[in-house]
Amino acid sequence: MADLSRDDVAHLASLARIDLSDAELDRMVGELGTIISSVEAVQQAPIEGVEPMSHPMPIVNVTRPDVVRPSLTPEQALAMAPASEVGRFAVPRILTED
């Protein structure tokens, strides 16, 4: 792959909606170049005959039986809440409708 230019990094940053200073753009040219070189090296690994896997170690999903047990009533759960609405915890809005 061709070397990344400062304009390439600026374009990638704008696509990702990341504001980078001039110093950060200069630094990222080298860092992204190193990352791309590393990915290219990994892509050269011999993979013929290697079975695809989702995890390098065997994983077993450990579950327990779904048993109904005594728990808090809604009133008990909400008793110490700073605020509640219609039987639910009330939290401040952090996202807008946009």
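The values are calculated or read from the model by the stated rules, or taken from the named source; none is laboratory data. No experiment lies behind these values; they were computed from the predicted model shown. Backbone-built Cβ (ideal geometry, glycine too); neighbour counts: all protein chains shown. These area figures cover heavy atoms from the full protein model, side chains too; ligands, DNA and RNA do not enter into them. Shrake-Rupley method; radii C 1.70, N 1.55, O 1.52, S 1.80 Å.
Could you please let me know if Leu4 is within 26 Å of the chain's Cα centre (by Cα), in a helix (DSSP H, G or I), surrounded by 11 or more Cβ atoms within 10 Å (Cβ to Cβ) and not acidic (Asp, Glu)? When the stated conditions are applied, Leu4 does not pass them. Of the residues making up segment 7-41, those that are more than 22 Å from the chain's Cα centre (by Cα) and loosely packed, with under 10 Cβ neighbours inside 10 Å are Ser21, Asp22, Ala23, Ala41.
Per-residue answers, yes or no, for (1) of a type in the set (Gly, Ala, Ser); (2) at pLDDT 90 or above; (3) assigned to a loop (DSSP other than H, G, I, E, B):
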position	(1), (2), (3)
Asp8	no, yes, no
Arg27	no, yes, no
Ile35	no, yes, no
Val42	no, yes, no
Pro52	no, no, yes
Met57	no, no, yes
Asp66	no, yes, yes
Ala81	yes, yes, yes
Glu97	no, no, yes
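Taking the criterion of being in contact (Cβ under 8 Å) with a residue 12 or more places away in the chain and closer than 30 Å to Leu4 by Cα, would at least one residue in segment 38-58 satisfy it? Scanning segment 38-58, I find at least one residue that is in contact (Cβ under 8 Å) with a residue 12 or more places away in the chain and closer than 30 Å to Leu4 by Cα, so the answer is yes.
Here is a check on your reading of the model: is Leu78 in contact with a Ser or Thr (Cβ under 7 Å, 6 or more places away or on another chain) and without any contact (Cβ under 8 Å) to a residue 24 or more places away in the chain? Reasoning before the result, please.
On the way: in contact with a Ser or Thr (Cβ under 7 Å, 6 or more places away or on another chain): yes; without any contact (Cβ under 8 Å) to a residue 24 or more places away in the chain: yes.
So Leu78 fits the description; yes.
Restricting attention to segment 47-66, and to residues there that are aliphatic (A, V, I, L, M) and either open to solvent by 100 Å² or more (accessible area, probe 1.4 Å) or in contact with a Pro (Cβ under 7 Å, 6 or more places away or on another chain) (or both), which single residue is farthest from Val9 (Cα to Cα)? Only one residue tops the list, namely Val62.
Among the conditions (1) open to solvent by 70 Å² or more (accessible area, probe 1.4 Å); (2) touching a helix residue (DSSP H, G or I) at 6+ places or on another chain (Cβ under 9 Å), Gln44 misses just one, which is (2).
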